[in-house]
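Structure first, then comments.
Please treat every number below as a calculation from the coordinates, not as lab data. None of the values given here were measured: they were computed from a predicted structure. Here Cβ is always computed from backbone atoms with ideal geometry, including for glycine, and neighbour counts include all displayed protein chains.
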Amino acid sequence: MKKNIFTFALFFSICTCLFSSCGKKSDAQANENETDSLTTIVDQKIETDTGIKKITFEILADSGGVQLVKGEKESPVASFASQILVVTEVPQQSNLDSIQAILQRQQKYEGDAKEALAKKKKEYFDFYIDANSDEVVGLSAEWYQHEQIQVLYNDNYFVSILFYGDEYGGGAGSYDYASYLVLDLKNNKKITLSDLFDEEGISKIQKGILNKALQYAKEQGSTSLEEHGYFMESLKPTEDFVITEKGIEFTYGRGEILPRVNIPPVFLFSWAELKDILKTDSSVRSLIK
């Protein structure tokens, strides 16, 4: 469990570091406020084995910055960095169009991915300038929207993807957000909790999460879930799960099961633990060795 918690925390630290660097601009860039002047679209292939069990993606990235007041050296700046994941090749048993359609729904765009990214950036900058038209100084006008995608697992006809974002739009502080997508390549579908567990299975997972949460609390020096500060009503299985080589991980965002200052643990259920809990007809049973 400690290893999983550390890995999850490390990933978000890396994301924060990457996003911070996106907002830094040269003097030349700071003198521009055209929403299309700093566009950089990159086709970044994710190199994977394209044999019978995996899928190949490309990441399309668009980033840039805009001044609130054109030509003012000290003008506040908004920065934007976003990505879209597109599928380029699937196993023989899969349907590329079906998988791509699922990805498009998850990423909330239609049509060409590059055009969608460029449109999203322009709309963000237009909104930024309009919302801050009366404010030309101050940190509250230093906005950013940074989004990143990571393929967490890609093997044995299953894919787990993390969509992560960090945003500041004025006010007291920034906020981060994450969503997950698990794909069944053989059946060309998004996997949900109902594909994994029946009501009895959900109940067993619920008990398992409580036990793992208590174990984590004791490792941190607490004697009970309440003492550790858990939000008891939120300690339950959610659709934010990830299929990995080791099993299924249930993840939670900051402030969801613990106060926001705490990094939430990740609860891993090994395939051995899941053997008698998964639905008998669940496709992920093929991962149990």
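Overview of values
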{"read-out": "Sorted by Cβ density within 10 Å, fewest first, the residues Y177, Y230", "value": "Y177, Y230"}
{"read-out": "Protection-proxy order for peptides 182-195, 91-104, each taking the mean of Cβ atoms within 10 Å per residue, highest first", "value": "182-195, 91-104"}
{"read-out": "Rough spin-label spacing in nm, given labels placed 7 Å along Cα→Cβ, for R105 and V151", "value": "2.2 nm"}
{"read-out": "GluC sites (Glu not before Pro) within region 242-273: DSSP coil, no more than 12 neighbouring Cβ in 10 Å", "value": "E245"}
{"read-out": "Over 26 Å (Cα to Cα) - which of K189/K289; K207/K279; K190/K218; K108/K207 fall in this group", "value": "K190/K218; K108/K207"}
{"read-out": "Relative packing of 235-242, 165-172, which averages over residues the other C-beta atoms within 10 Å, highest first", "value": "235-242, 165-172"}
